[in-house]
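Readers should treat all values here as calculations from the given coordinates under stated rules, not as data from a laboratory. A quick note: this is a predicted structure, and the numbers were derived from the prediction, not measured. Note that we place each Cβ from the backbone using ideal geometry, even for glycine, and neighbour counts take in every protein chain shown.
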Amino acid sequence: MKSLTFYSFYKKISEFLSTEKRLLIAISGGMDSMTLLHLALGLRPNHKLFGVHVNHGLRSKSKSEQKFVERLCINYNIPLFVKKINTHFHQKESVEMWARRLRYNAFSEAKKEFDCDYVMTAHHANDSVETIIMRLDDGCGIEGLRGIPKNNGVFIRPILTYKKSAIKDYIHKNKIDFIVDETNKDTSIKRNFVREKILKPWEEQSDDLIDRFINLSNKATDSINYMDIIISSISNDIKTSSDKFIIPDNLTKLLLPSQFVRLIKELLNETQISWRRHRWESLIKWKHSAKTGSTYKINKYWTILRDRKHFILNNSITMPVDIKIQKEGVYSFNDSYLSMYKTDRMDKNNDPMLEVIDWNSVSKKDLKLRTWKKGDRFKPLGMKNYKKVSDFLIDKKMDRFSKDNQLVLTADNEIVWVCGQRISEMVKITNKTSNFLKLSLSHSYK
């Protein structure tokens, strides 16, 4: 068994400590967090230590546990942030998930309060294996086999590679006091059931069980990292903006279903989040059967659309545009820009987002840039009659997201430009035009 010492602990954490750091330690008072605290004390005086304790208020001993941690931090001269939680939790959320969510919220509060660089938690190898088993029960994919990450942003877990038995040995060897949480024996809580009814009996039959699970976790991580290399190599073919990703069919045909899901997660910045089985299975099922125009809502922010030759991932929350244009200049909205300048000449161009119109036809009118609406109509350049904007966009074979967000420029409520598509016959350049107005619309594409 790999023993836990300050030297081995320091080797695990040294990559984060190149300069003096302010370290926040999550202290519950239990065996694991007390081990982490005792090890972290050896980092002083080169680094500054701070503590955070979360009182969930779920047990009769919650108050005494808080006092234990408070006395401890006073003795060690460690500034402590205490967060007492209201015991009300959402009905659709398990107690464990509720407690975890609020606990990490408290960690973030304390980090901000003390201006810390990192938050250290006392997760160990057995915790990671429990997480893997729970994810398997939820029907996870390969991502769920990774277990708990060694670090995730500002959160670092220096004793994650050590078994619970190594922590027990360290506690007893150094005669460290700790709190015993009686609810850890409550097998009605899923994690406790996995620990007491599955993992412990299994370990009795296999001494190397934890090591084998960690080896599996490392292999899963290697496979995912390789998959990420593949995803990264093809991501340049994806046209992106702040609120839209356009994924061409010829790219998706190269991907396995799991790689397609991974690509979506990468674009949504959710690679560190393990999706449950129903989530990724339903996305794959939709992808295989989706017809042009059908959509799938991934979460409350993002929706994916099956277009003619693409899959389009779009931010579902888009603010409608309604801007008065009072003078020449640049107007910003939704990470996009409209520029409007008077000019004395007309330069030829093939950019649909740049148009030049007759200045005199709009100079004395109230201009407005807005999102189109049902019932809008205009007289397209080259046509004698008016046409509904809705019919015009259908003829252009625009995807649904683009249609929903289509902008128009109006002059005294008359549409003079369906932006990026066509100007109105009313503002076209003629032989009599002496002054020109240059219009340009740009988006923040990467």
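Report the extension gain between Asp395 and Lys428 in nm, rounded to one decimal, defined as 0.36 nm multiplied by the number of residues separating them, less their alpha carbon distance.
Details: separation 33, 0.36 × 33 = 11.88 nm, distance 2.15 nm.
Taking Asp395 through Lys428 to full extension adds about 9.7 nm, to one decimal.
Net length available on complete extension from Lys384 to Arg100 is 95.8 nm, with 0.36 nm assigned per residue and the Cα-Cα distance removed. Taking other Cβ within 10 Å of each residue's Cβ, how do Lys83, Lys239, Lys342 sort, fewest first? Result, fewest neighbours first: Lys342, Lys239, Lys83. For Ser336, the amide hydrogen comes within under 5 Å of no other amide hydrogen, counting only partners 5 or more places away or on other chains and with H modelled in the peptide plane. Derived scalar couplings between HN and Hα for segment 165-173 equal 4, 5, 5, 4, 4, 5, 4, 5, 5 Hz in order, rounded to whole Hz, by the Karplus curve 6.51 cos²θ - 1.76 cosθ + 1.60 (θ = phi - 60°), x for Gly and Pro.
Shape verdict for segment 1-104, please, from the Cα gyration tensor: rounded (a/c under 1.5), prolate (a/b greater than b/c) or oblate.
Values: a/c = 2.09, a/b = 1.74, b/c = 1.20.
Since a/c reaches 1.5 and a/b is larger than b/c, the shape of segment 1-104 is classed as prolate.
Relative to the longest principal axis of the Cα atoms of the chain, helix 209-234 runs at roughly 20 degrees.
In units of the rule-of-thumb radius 2.2 N^0.38 Å, segment 322-443 shows an alpha carbon radius of gyration of 1.00.
Which order results if Trp417, Trp286 are arranged by neighbouring Cβ count within 10 Å, fewest first? Provide the component values of the computation, followed by the final result.
On the way: Trp417 24, Trp286 16.
In increasing order of surrounding Cβ atoms, one gets Trp286, Trp417.
Legend: residue pairs Lys2/Lys168; Lys21/Lys111; Lys327/Lys438; Lys67/Lys111; Lys2/Lys173, Cα-Cα distance threshold 19 Å; pairs beyond threshold, Lys67/Lys111.
3J(HN,Hα) along segment 105-118: 4, 5, 4, 5, 4, 5, 4, 5, 4, 9, 6, 8, 8, 9 Hz, from the Karplus curve 6.51 cos²θ - 1.76 cosθ + 1.60 with θ = phi - 60°, whole Hz, x for Gly and Pro.
Would segment 59-189 count as rounded, prolate or oblate if I go by the C-alpha gyration tensor, calling it rounded below 1.5 in a/c and otherwise prolate when a/b exceeds b/c, oblate otherwise? Note, shape of segment 59-189 comes out rounded.
For segment 215-268, the square roots a ≥ b ≥ c of the C-alpha gyration tensor eigenvalues yield an a/c of 1.5 or more together with a/b exceeding b/c, which makes the shape prolate. The Cβ shell under 13 Å around Trp280 holds other residues with a net charge of +4, Lys and Arg each +1, Asp and Glu each -1. Site pair Ile198 and Lys185 shows an inter-label distance of 2.2 nm when each label is modelled 7 Å from Cα along Cα→Cβ. Extension gain, Arg44-Asp344: 0.36 nm per intervening residue step, less the Cα-Cα distance, totals 101.0 nm. Applying the Karplus relation 6.51 cos²θ - 1.76 cosθ + 1.60 with θ = phi - 60° to segment 409-424 yields 3J(HN,Hα) values of 9, 10, 10, 6, 6, 9, 5, 10, 8, 7, 3, x, 10, 6, 8, 7 Hz, where x marks Gly and Pro. Computed on segment 6-210, with alpha-carbon pairs under 8 angstrom and 6+ residues apart, the relative contact order is 24 percent. Put simply, the amide H of Lys84, placed in the peptide plane, has neighbours under 5 Å in Asn55, leaving out anything fewer than 5 places away on its chain.
Suppose a student asked you for the relative contact order of segment 238-315, using Cα pairs under 8 Å spaced at least 6 residues apart; what percent would you report? Don't skip to the answer; put the middle values down first.
Working: 83 pairs, mean separation 26.5, N = 78.
Averaging sequence separation for qualifying contacts and normalising by length gives 34 percent for segment 238-315.
As a ratio to 2.2 N^0.38 Å, the alpha-carbon radius of gyration for the chain is 1.34. Ordering Leu36, Leu102 by the number of other Cβ atoms within 10 Å of each residue's own Cβ, fewest first, gives Leu102, Leu36. Reducing segment 355-395 and segment 228-306 to their Cα centroids gives an inter-centroid distance of 35 Å.
Averaging sequence separations of C-alpha pairs under 8 Å and six or more residues apart, then dividing by the length of the chain, give the relative contact order as a whole percent.
Numbers: 652 pairs, mean separation 53.3, N = 446.
Here the relative contact order equals 12 percent.
Would you mind counting up the charge near Lys324? Only other residues with Cβ under 13 Å from its Cβ, with Lys and Arg at +1 and Asp and Glu at -1. Could you put the intermediate results ahead of the total?
On the way: positive: Lys327, Lys365, Lys368, Arg370; negative: Asp322, Asp366, Asp412.
So the environment of Lys324 carries a net charge of +1.
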